[in-house]
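A.B. asks: What follows is a single structure, and I will ask about it in a moment.
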Amino acid sequence: MVSLTRLDLSFNNIVKLSPRIGELVNLQQLWLNDNPLREVPCEISNCCKLKELDLKNTFVITLPREMANMASLLVLNLDGCPTKERLTATYSQGMSAIHTDLRRKEDRKQFKEKIFDHLTEWIYPSTPKELIFEQVEQLFGVLKDCNSDML
């Protein structure tokens with residue numbers, strides 16, 4: 001199944017997609033439309049050759065930020081999905097905007113991890129990691145609020 005390039009799972013009453021979808025590294029087209037699917041697993045980002053993903057008429061609200069690594073993704077169909085307001089706005093701007101938004105989220109996650117690691121290893125090594133984690137989360141929450149005010 002690793003050599004599979006097209007997979008049509010539409011109209012199959014799929015509620016949850018297995019994380020093993022990421023094992024299909026040669027997958028280029030994936031149709032999941034018209035299923036009660038609620039989320040896309042982050043492992044889908046391992047399908048780095050995926051060019052087309054059809055999620056039309058599913059219950060997907062948001063996309064995993066790891067999809068930022070899917071540079072080959074050219075077609076994404078979210079028509080009829082109850083997406084979050086921000087994703088709806090981004091989706092209306094096209095694939096370039098989606099890639100940019102997902103990349104921003106992925107970069108933010110990686111930056112947050114680097115700051116946490118630096119603080120726990122070099123600045124405050126004797127402070128409980130839970131406290132540092134809470135402070136980093138709070139800081140990034142404030143930064144996110146500032147960023148959304150500027151949009």
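The values are calculated or read from the model by the stated rules, or taken from the named source; none is laboratory data. The shown structure was predicted, so the numbers you read here are calculated from the model rather than taken from an experiment. Backbone-built Cβ (ideal geometry, glycine too); neighbour counts: all protein chains shown.
A.B. asks: Six or more apart or on different chains, Cβ under 7 Å: which pairs go from a residue in the stretch 95-121 that's farther than 13 Å from M70 by Cβ to one that's of a type in the set (D, E, K, R) and at pLDDT 95 or above? Could you list them?
C.D. replies: T120/K129
A.B. asks: Which one of S3, S45, S18 is modelled with pLDDT of 95 or more, farther than 30 Å from L139 by Cβ and among the small types (G, A, S)?
C.D. replies: When all the criteria are applied, what remains is S18.
A.B. asks: For E130, only one of the following conditions fails: (1) over 17 Å from the mean Cα position of the chain (by Cα); (2) at pLDDT below 95; (3) surrounded by fewer than 15 Cβ atoms within 10 Å (Cβ to Cβ). What is its number?
C.D. replies: Single failed check for E130: (2).
A.B. asks: Assess whether T90 counts as being assigned to a helix (DSSP H, G or I) and within 14 Å of the chain's Cα centre (by Cα).
C.D. replies: yes
Table: residues versus (1) part of a helix (DSSP H, G or I); (2) of a type in the set (F, W, Y); (3) within 23 Å of V15 (Cα to Cα); (4) out of contact with any Lys or Arg (no Cβ under 6 Å at 6 or more places or on another chain).
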site	(1), (2), (3), (4)
L53	no, no, yes, yes
T62	no, no, yes, no
A68	yes, no, no, no
H99	yes, no, no, yes
R103	yes, no, no, yes
R108	yes, no, no, yes
F111	yes, yes, no, yes
L131	yes, no, no, yes
C146	yes, no, no, yes
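A.B. asks: How about the stretch 55-80: which of its residues are buried (at least 20 other Cβ atoms within 10 Å of the Cβ) and either more than 15 Å from the chain's Cα centre (by Cα) or more than 24 Å from V25 (Cβ to Cβ) (or both)?
C.D. replies: T58, the sole residue that qualifies.
A.B. asks: Could I ask something else about it? If you scan the stretch 1-45, which residues turn out to be buried (at least 19 other Cβ atoms within 10 Å of the Cβ) and assigned to a helix (DSSP H, G or I)?
C.D. replies: Within the stretch 1-45, I21, I44, S45 qualify.
A.B. asks: Of a type in the set (S, T, N, Q) and within 16 Å of the chain's Cα centre (by Cα): is that true of S10 in this structure?
C.D. replies: no
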